[in-house]
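Asks: Here you go, one structure.
The values are calculated or read from the model by the stated rules, or taken from the named source; none is laboratory data. Note that the coordinates shown come from a computational prediction; the quantities given were computed from them, not determined experimentally. Here the Cβ positions follow ideal geometry from the backbone for every residue, glycine too, while neighbour counts run over all protein chains shown. Heavy atoms of the whole protein, side chains included, go into the accessibility calculation; ligands, DNA and RNA do not. Shrake-Rupley method; radii C 1.70, N 1.55, O 1.52, S 1.80 Å.
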Amino acid sequence: MAAPRELKITPIKNGTVIDHIGNGLSLEVLRIIGVGDLDKDSTVSVALHVRSQKMGWKDIVKVENMELSPRKVNAIALIAPTATISIIRDYKVREKRTVDLPERIVGVARCPNPNCITNRGEPVESEFDVARRRPVVLRCIYCERQMDDFLSHLI
Amino acid sequence: MALKGRDIISIRDLSREEIEEVLKVAHRMIPIAEGSKIDRRLDGIILALAFLEPSTRTRLSFETAAQRLGARCITIADPATSSVVKGETLSDTVRMLSGYADALVLRHPNEGAARLAAEMSDKPVINAGDGAGQHPTQTLLDLATIQEAHGTLSGLRVVLLGDLKYGRTVHSLAHALALFGAEMVLISPPSLKLPDEVTEHLDQLGARVREEEQLHRAVRDADVLYVTRIQKERFGDEAEYAKVAGSYRIDNSVLAGAKQRLIVMHPLPRLGEIAPEVDGSPHAAYFRQAFLGVPVRMALLSLVLKGKGA
Ligand SMILES: Nc1ncnc2c1ncn2[C@@H]1O[C@H](COP(=O)(O)OP(=O)(O)O)[C@@H](O)[C@H]1O
Ligand SMILES: [Mg+2]
Ligand SMILES: [Zn+2]
């Protein structure tokens, strides 16, 4: 249903909207985006606890003048698998996609096993494959340890 | 089925057919391993044994296997006394060694080390144990022992006893037994049960697995009794450990009701899990098991380096 537009925050000319973030997870999404790295004239707006038909409650994050790297999209897919990402150009939604989890997740999260070789100063990035999708469980391709708690292990 | 040039990191990297091939070749290696037949098929080969965590038994077993087939070894036996590896990353050590040798055997205290080494090396890497991770040649020699005693791996009833939680050998063995359709019976203290992760994996493979509480009942109709170490560190207090260890101890009275063909296995070294009186019984297979490590490793080296077992 085309409900009244939900632009609770000022429209942006160019940038990225991350919508349908699970309730309360927007701060983690901001951490992933790395607000400190943004152009100094960019505004970031966050809407917490927004009514959603699909999800009950959700969060929304809007960032001006930025498009997300694939690595950041993968990180968002881990903690907010329901999120949708819209690219805004000239006030219009030009691209819209869901954050599909890829088969391999490289360099996004640290292996939870402190004894894993990837946590020992070797010149190698962490790498996981997806052991299960719903809910997401990752498996370290090196030590084979499984992980379902990504928040505390994001790099 | 080509094992030539392959890395052998985890038993899960091998298909049932590949495991069967290794076991078949291992069987033919026995007279060479015993010294009654001479075969120098790996003449000219140099094997690097990087034991970045000391493990004398496994190292000697690999050295014996290599030398029986005419290969020579360059060995790091103990990182503490080796200036080569002090302060160096594993990645650098591996890249250096892969420039010297035709294949690498790696033992390392960190899980996942062998997988990383395989990425860094342009020569095949054989995992000889990485931390609490994988140790595929142990699993292969376990299978060789069962195969030799029973002539098959299918349709057997295998009791896995002791620490099923932390014991990596048991997890890998259970995976392999599932590939061959053996039935598994698990006996462990409640705090040392098989992890859910492993149980789920075995389910996915369609394995027949059940738990049993009574040791006598489990032993009665078993073909294999696989005993693992129960380590003191796993228990809060000494008394609890002593109680658990005592209730899982294998002696001749436990074996009294067993089938004649039951074999008792143990990855060794044992602590007190199997009474010395069992050593003389026809059930005792753990020393044979240790010996079979040599022909199994010969088979693997031969297949990885030459691609053939004949
Ligand atoms: N110019 C804009 N500035 C800021 N946010 C916008 C803009 N245009 C659309 N959005 C937001 O981007 C998301 C995707 O937009 P759209 O595809 O139109 O809506 P919906 O997903 O709600 O059907 C929504 O959260 C919407 O509020
Ligand atoms: Mg919407
Ligand atoms: Zn790991």
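Asks: Determine which single condition B:Gly112 fails, assuming it passes every other condition in (1) open to solvent by 20 Å² or more (accessible area, probe 1.4 Å); (2) at positive phi.
Replies: Failed condition: (1).
Asks: Using the structure shown, decide if A:Ile9 is at pLDDT below 90, open to solvent by less than 50 Å² (accessible area, probe 1.4 Å) and within 15 Å of ligand 2 (Cβ to nearest atom).
Replies: Yes; evaluated as a whole, the condition is true for this residue.
Asks: Could you say which residue among A:Asp148, A:Asp90 is within 14 Å of chain B (Cβ to nearest Cβ), more than 16 Å from A:Ile32 (Cβ to Cβ) and exposed (fewer than 15 other Cβ atoms within 10 Å of the Cβ)?
Replies: After ruling out the rest, the residue left standing is A:Asp148.
Asks: Read through the list (1) within 11 Å of ligand 1 (Cβ to nearest atom); (2) of a type outside the set (D, E, K, R); (3) free of Cβ contacts under 8 Å to residues at least 24 places away in the same chain, then give the number of the only condition that A:Asn119 fails.
Replies: Going through the list (1) within 11 Å of ligand 1 (Cβ to nearest atom); (2) of a type outside the set (D, E, K, R); (3) free of Cβ contacts under 8 Å to residues at least 24 places away in the same chain, A:Asn119 breaks only (1).
Asks: Here is a further query. Would you check which residues across region A:14-34 are open to solvent by less than 10 Å² (accessible area, probe 1.4 Å), within 13 Å of ligand 1 (Cβ to nearest atom) and of a type outside the set (S, T, N, Q) and list them?
Replies: Matches in region A:14-34: A:Gly15, A:Ile18, A:Ile21.
Asks: On the basis of being in contact with a Gly (Cβ under 7 Å, 6 or more places away or on another chain), near ligand 1 (Cβ under 10 Å from one of its atoms) and in a strand (DSSP E or B), does A:Ile88 make the cut?
Replies: When the stated conditions are applied, A:Ile88 passes them.
Asks: Next up: For region A:113-141, enumerate the residues that are within 9 Å of ligand 3 (Cβ to nearest atom), out of contact with any Cys (no Cβ under 6 Å at 6 or more places or on another chain), closer than 12 Å to B:Asn110 by Cβ and open to solvent by less than 40 Å² (accessible area, probe 1.4 Å).
Replies: Listed by number, the list holds a single entry, A:Ile117.
Asks: Quick one: A:Ile79 ticks every box in (1) over 24 Å from A:Lys13 (Cβ atoms); (2) within 16 Å of ligand 2 (Cβ to nearest atom) except a single one, so which number is it?
Replies: Going through the list (1) over 24 Å from A:Lys13 (Cβ atoms); (2) within 16 Å of ligand 2 (Cβ to nearest atom), A:Ile79 breaks only (2).
Asks: Determine the pairs where a residue that is over 17 Å from A:Ile79 (Cβ atoms), located within region A:45-63, has a partner that is at pLDDT below 90 and among the basic types (Lys, Arg) with Cβ atoms under 9 Å apart, the partner being 6 or more residues away or on another chain.
Replies: Every condition considered, the pairs that remain are A:Ser45/A:Lys8; A:Ala47/A:Lys8; A:Val50/A:Lys8.
Asks: Separate question: Determine the pairs where a residue that is part of a loop (DSSP other than H, G, I, E, B), located within region A:10-23, has a partner that is within 12 Å of ligand 2 (Cβ to nearest atom) with Cβ atoms under 8 Å apart, the partner being 6 or more residues away or on another chain.
Replies: A:Asn23/A:Met55; A:Asn23/A:Lys58
Asks: Kindly indicate the residue of region A:93-109 that is open to solvent by 10 Å² or more (accessible area, probe 1.4 Å) and part of a strand (DSSP E or B) and also farthest from A:Lys13 (Cα to Cα) among those meeting that condition.
Replies: Only one residue fits best here, namely A:Arg104.
Asks: May I ask you to say which residue of B:Ser10, B:Ser61 is more than 14 Å from chain A (Cβ to nearest Cβ), under 28 Å from A:Ile117 (Cβ atoms) and polar (S, T, N, Q)?
Replies: Answer to the check: B:Ser61.
Asks: Here is a further query. When you go through B:Ala2, B:Ala33 one by one, which is the residue that is buried (at least 21 other Cβ atoms within 10 Å of the Cβ) and either of a type in the set (Phe, Trp, Tyr) or in contact (Cβ under 8 Å) with a residue 60 or more places away in the chain (or both)?
Replies: After applying the criteria, what remains is B:Ala33.
Asks: What number of residues in region B:176-194 are under 17 Å from B:Arg12 (Cα atoms) and in a loop (DSSP other than H, G, I, E, B)?
Replies: Summing the residues that are under 17 Å from B:Arg12 (Cα atoms) and in a loop (DSSP other than H, G, I, E, B) in region B:176-194 gives 3.
Asks: Those residues that are more than 12 Å from ligand 1 (Cβ to nearest atom), basic (Lys, Arg) and either open to solvent by 70 Å² or more (accessible area, probe 1.4 Å) or in a loop (DSSP other than H, G, I, E, B) (or both), I need them from region A:52-78; list them, please.
Replies: A:Arg71
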